[in-house]
Amino acid sequence: MAAQLISGGRVATPDGVLDPGWLLVDDGRITALGSGEPHFRPGTTVTDASGSWVVPGFVDIHCHGGGGAAFTSADPAHVRQVVDSHTAHGTTTMLASLVTRPVSELVEQVAALAELVQEGLVAGIHLEGPFLSAARCGAHDPVLLRPPDPVSVDALLSAGRGTIRMVTVAPELEGAVPAVKRLVDAGVLAAIGHTDALAEDVVPAVDAGATVATHLFNGMRPLHHREPGPIGVLLDDERVTVELICDLVHLHPTIVRLAARHAGAARTVLITDAIAAAAAGDGTYDIGGLKVDVTNGVPTLADGGSLAGSTLTMDAAFRNLVKSCGLGVLDAVAAASTRPAALLGLGDVTGRLAPGFAADVVLLDDALRPVSVMRRGEWVPSGT
């Protein structure tokens, strides 16, 4: 692989923006970056990034599908289809999120996906269910929801063979706090979501080690000035990182801005919560056996009309955070790349533009739309 130079763009680094800046890539890694005139050896391939933002590849920790396919099938071709559809929009690292199904079926899905995690196709598995509240089930089949009993938790962890990176739990369920402890002891992120809990139910789960709020505000008891519930506790606790679905449908821009500013760069993560319809268009889809209608890019359950994931891609989330919610580009870099990478334990591998890091790079135009995407030092073919 020939050395490559990306030069002339506004390079978003941990220390600020280099404008104009450049970075050198060799053997899939960033070897140097700076401003002014770059020095590089003969034979280096040069990419002119003039007029572009140069940002780290996006890291999506909550995604169910895209490009017409979903992770639930665990078929390598379908998983590749999902990954490719999101990579084209700048996502270079992602978790495969699964929805509620019978535990026996989830065990099979996890075991199949574990092989693909080990191959490096996805960075890990996220279980959004079945340990959720029926009162806030959203697009999860309420019939299949259940408390997190030790046998089920251990069966799933065993099937994952170390590839399960996050599990969402409703803290008010019987056995939730011991389950959080079991997950944390296994090196898994315990997330709180799809919950009707009172504040007093949430605090013990956080004290037990839960550190993520699954799509804050959505699938949760609303915030109330006399009962802060999960939203108030999770947003205000410095130990918790909050996921935000910034598609401007799930959350009003003012809510996004309030949450992101309160949590700050160290605790804010953009996610897609995307389903198969992302980058695929309107139509009828399936989520965990439930029929979903997608109209004008908004997925809702055919029965009941609840929002059912999103058709968001990470570049759009990044763009919305800046253009519609009023945050800065560096704030968006932190929320879309740096913080989620650190949350996954990959903070010294990807998520920032710095020497020694993986060459996961996205070039964005002035409208913050992707021009080119590099993953591990290789440019992703356009139209992928």
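The values are calculated or read from the model by the stated rules, or taken from the named source; none is laboratory data. These numbers come from a predicted model, not from an experiment. Using ideal geometry, Cβ is built from the backbone for each residue, glycine included, and neighbour counts are taken over all protein chains shown. Just the protein is used for accessible areas: all its heavy atoms, side chains included, with ligands, DNA and RNA removed. Shrake-Rupley method; radii C 1.70, N 1.55, O 1.52, S 1.80 Å.
Enumerate the whole-percent occupancy of each 5 Å bin, from 0 to the last occupied one, for all C-alpha pair distances of region 1-92.
The distribution over region 1-92 is 3, 13, 18, 17, 14, 11, 12, 8, 3, 1, given as percents.
Per the 1.4 Å probe, what fraction of the accessible area of the chain, in percent, lies on carbon and sulfur atoms?
Details: 7430 of 14460 Å².
The C+S portion of the solvent-accessible surface of the chain is 51 percent.
Antiparallel DSSP bridges in the chain: what percent, to the nearest 5? Can you show the working numbers first?
Numbers: 37 of 68 bridges.
Antiparallel bridges make up about 55 percent of those DSSP assigns within the chain.
Let me know the shape class of region 203-252, please: from the alpha-carbon gyration tensor, a ≥ b ≥ c as square roots of the eigenvalues, rounded when a/c is under 1.5, otherwise prolate if a/b is greater than b/c, or oblate. Don't skip to the answer; put the middle values down first.
On the way: a/c = 2.42, a/b = 1.36, b/c = 1.77.
Since a/c reaches 1.5 but b/c is at least a/b, the shape of region 203-252 is classed as oblate.
Using only Cα atoms, find the angle between the long axis of helix 314-323 and the longest principal axis of the chain, and express it within 0 to 90 degrees, rounded to the nearest 10.
Here the helix axis deviates by roughly 80 degrees.
Is the shape of the chain best called rounded, prolate or oblate, per the rule: a/c under 1.5 gives rounded, else a/b larger than b/c gives prolate, else oblate, with a ≥ b ≥ c the square roots of the Cα gyration tensor eigenvalues? List each step's numbers first, then the result.
Numbers: a/c = 1.73, a/b = 1.59, b/c = 1.09.
Cα axes put the chain in the prolate bin.
Accessible area of LEU363, 1.4 Å probe, to the nearest 10 Å²?
Answer for LEU363: close to 10 Å² accessible.
Enumerate the residues in region 248-286 having an amide nitrogen under 11 Å from the point lying 7 Å beyond the Cα of SER324 toward its Cβ.
248-254, 256
Report the local net charge at PRO204: Lys and Arg +1, Asp and Glu -1, summed over other residues whose C-beta lies under 14 Å from its C-beta. Could the numbers behind the result be given before it?
Working: positive: LYS181, ARG239; negative: GLU172, GLU174, GLU200, ASP201, ASP207, ASP237.
Once all neighbours under 14 Å are counted, the net charge is -4.
Taking amide H positions as placed 1.01 Å from N in the peptide plane, with prolines and chain starts having none, which residues 5 or more places from THR47, or on another chain, fall under 5 Å of its amide H?
Amide H neighbours of THR47, under 5 Å, 5+ apart: LEU5, ILE6, SER7.
Once the Cα atoms of helix 253-263 and of the chain are each reduced to a long axis, what angle between those two axes, in degrees from 0 to 90 to the nearest 10, is obtained?
For 253-263 against the chain, the angle is about 90 degrees.
Would you mind working out the accessible area per residue for the chain, using a 1.4 Å probe, and quoting it in Å²? Don't skip to the end; give the middle numbers.
Numbers: 14460 Å² over 384 residues.
For the chain, the per-residue accessible area is 38 Å².
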